[in-house]
Amino acid sequence: MTVCCFTGHRVIPYGKRTELAAILDKRIAALFDVGFTEFRAGGALGFDTLAAERVLAFRRSHPSCHLHLYLPCHDHHKGWSAHDRAVFEEIRDAADSVTYVREHYTPDCMHARNRALVDGSDLCIAYLTTNRGGTLYTASYALKKGVHFINLADEMPT
């Protein structure tokens, strides 16, 4: 079993989502072809949601592909819009497994979730466009742990 985790920004610039989804689709298919069957996402808005949606779409025609969610806590989505909560709940319900890193919100639950995503992964695929925040933390952690790293932002047309 070969494992890939995703990390990325919560905001994807207007007009970039379709391009990013197409790049993800190609990457997921190529990774599956070389033995990647386990994909991990962190359940955040933006890139995490997009990556999870693309894995679930791929799984429809490749049932041995699996999506595992690693979530910071049970109520991490409580402040989201009704639409975003509904999308999240649909993804959560369709995932092959859901791991809650903490029962309730704690100051470290997001970082703990990010480390859990990376630990045991062979590859980390990111959408990293700025050198700050949780995405940078997760990318840095992956590199420190010796996990192979790909930044899809480098593949986006400018």
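The values are calculated or read from the model by the stated rules, or taken from the named source; none is laboratory data. Since the structure is predicted, the reported quantities are computational estimates derived from the model, not experimental observations. Using ideal geometry, Cβ is built from the backbone for each residue, glycine included, and neighbour counts are taken over all protein chains shown. Quick note on the areas: whole protein, heavy atoms, side chains included, nothing else; ligands and nucleic acids left out. Shrake-Rupley method; radii C 1.70, N 1.55, O 1.52, S 1.80 Å.
Overall, the anisotropy analysis places the chain in the rounded class: the square-rooted eigenvalues a ≥ b ≥ c of its C-alpha gyration tensor yield a/c less than 1.5.
The packing ranking of peptides 122-129, 28-35, highest mean first, is 122-129, 28-35, where packing means the average number of other beta carbon atoms within 10 angstrom of each residue. Ranked from largest to smallest solvent-accessible area, with a 1.4 Å probe on the protein heavy atoms, Y14, Y105, Y70, Y137 come out as Y14, Y105, Y137, Y70.
When the helices of the chain are scored as -39500 (n - 2.57) per DSSP H run of n ≥ 4 and the total is divided over every residue, the value at 222 nm lands at -13000 deg cm²/dmol. Using a 1.4 Å probe on the protein chains only, how many percent of the accessible area of the chain belongs to carbon and sulfur? Carbon and sulfur atoms account for 53 percent of the accessible area of the chain.
List the aspartates and glutamates whose alpha-carbon lies under 17 Å from that of K26, not counting same-chain residues fewer than 8 positions away? Within the straight-line cut-off, K26 pairs with E38, D48, E53, D154, E155.
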